[in-house]
1. When the chain is fully extended, how far beyond the present Cα-Cα distance does Thr63 get from Asn417, taking 0.36 nm per residue of separation?
2. Tell me the label-point distance for the pair Glu363, Asp256, using the 7 Å Cα-to-Cβ offset, in nm and rounded to one decimal.
3. When only alpha-carbon atoms are used, what values of Rg and Dmax, in angstrom, describe the stretch 83-186?
4. Applying a 10 Å radius around every beta-carbon, put 339-352, 231-244, 181-194, 149-162 in order of their mean neighbour count, most first.
5. Among Thr181, Leu148, Ala85, pick out the residue whose Cα is farthest towards the positive end of the charge dipole of the stretch 83-186, where Lys and Arg carry +1 and Asp and Glu carry -1 on C-beta, about the Cα centre.
6. So how far apart, in nm, are the two label points at Lys224 and Val47 if each is 7 Å from Cα heading toward Cβ?
7. Quick one, what does Rg over Rh come out to for the stretch 190-361 if you take C-alpha atoms and the Kirkwood Rh?
8. Kindly state, to the nearest 0.05, the FRET efficiency for Val327 paired with Ile424, given R0 = 56 Å and r defined as their beta-carbon distance.
Amino acid sequence: MIRCQSLLHFSQKLIACAALSTIGLSAMAQPAEEQLPLDDLRKFADVFNHIRLSYVEEVDDKTLLEYAIRGMLEGLDPHSSYLDAESFDDLQVHTTGEFGGLGLEVGMENGFIKVVAPIDDTPAQKAGVLSGDLIIKLDGKPVKGMSLSEAVNQMRGLRGSKIELTIVREGVRQPFDVTVTRDIIKVESVRQRLLEPGFAYIRVAQFQSKTGAEFKAALAKLQKDQPLKGLVIDLRNNPGGILQASVELSDALLEDGLIVYTEGRLSSSYSKYSATAGDLSHGAPIVVLINGGSASASEIVAGALQDHHRAVIMGTKSFGKGSVQTVVPISETQAIKLTTARYYTPNGRSIQAQGIEPDIIVERARIEALPDREGVTEADLKGHLDNGNGKEDDKSSKEKLKEQLFNRDNQLYEALNLLKGLNIMSRNKPPQAAPVETRTPEKT
């Protein structure tokens, strides 16, 4: 009888607290149908007490309430979550580009860990982990039943320590194991190089706080000696990051117009970002490479440049992470990350669960060139005339490029070929004739 009274008393306290919250919400002019349901809160209090008093092992109230918060958030969508002190620190570290672990951007799918993208030059990428892989075990322990934060904590550890990932991959019949050695992950956000004279390549691995400035610096460096004939922006396996960084990158290539806007239930969730005058590439043709690992901020850039017809999007369909997460502190050391809005491209397309469809689909493939038919050319004939240029054609640099791109990265090779074609066509455009003034004949 005493236990029943204590259960009832505790249940009444929880409901009373909920009622006070409901009164507070009512004071904020919330509609009656949105007030907290007392019957459901009573049910929650009953379940809470049953666990508190009858579970096989004792669990303190604070831990149970934390579990309840985690469960509420993780039940909403894959990106809403509870952030304890350690998780909140990790979130801040990710934006600066240095953290410990395997080098994976992950989420939850049907209770398993899904790889959104491996980060460039990290242990996970070097071990062969791919975007879209499902991790079902960590060191032989099933991840089913783990929260995302628990799984991430288990994947982290001391530099040099190893972890065995059991992976399910589309197209592979059986699960297989991959051993990855942990390391300190330092993400280099932007890298650049010239593919050929005038044709540049910029790789953006992740959108961090300084990515916009680093992209502009890379663009200036590539144009220091000569103007660009074409630019490839590689966003493949870029899991996203900071919204403002994606806006800055897009702004650097657009003269004006909307870049992205967000909409949610609250008026504060609505925001829009527009470009300012000044295309830092000076109108050079652009190809943006994307794939299934391109998510969030990457999709914002691809969608904006596609809608403004500023770039050709090439590769495969992007991930489709088009939601906005807001970090809301609930104490000095804890916070919740809550999905509060959706992203929309300038033309009003929602990225969420749709992704960006490339203008030109190019699957990742290993391509083998067929040998040309054997035959005799003019250069093989004895006593052939020189070409008059003063030197023989040097094919070594072209062959080296073919080896690097054609055989190793067919998507980048196709992007370069498209830029060359666009450059040739722009040179061959006839000059536009001056407009001819016409008059409407007068009636007499």
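FYI, it's all coordinate maths here, none of it is from the lab. No experiment lies behind these values; they were computed from the predicted model shown. Reconstructed Cβ throughout: ideal geometry from the backbone, glycine too, with neighbour counts over all protein chains shown.
1. Going from the current span to full extension adds 121.6 nm.
2. Label-label distance for Glu363 and Asp256, simple model: 4.4 nm.
3. 12.9, 40
4. Ranked by mean Cβ neighbours within 10 Å, highest first: 231-244, 339-352, 181-194, 149-162.
5. Going by the charge dipole, the pick is Thr181.
6. 6.1 nm
7. Expressed as Rg/Rh, it is 0.99.
8. Taking R0 as 56 Å, the efficiency between Val327 and Ile424 is 0.70.
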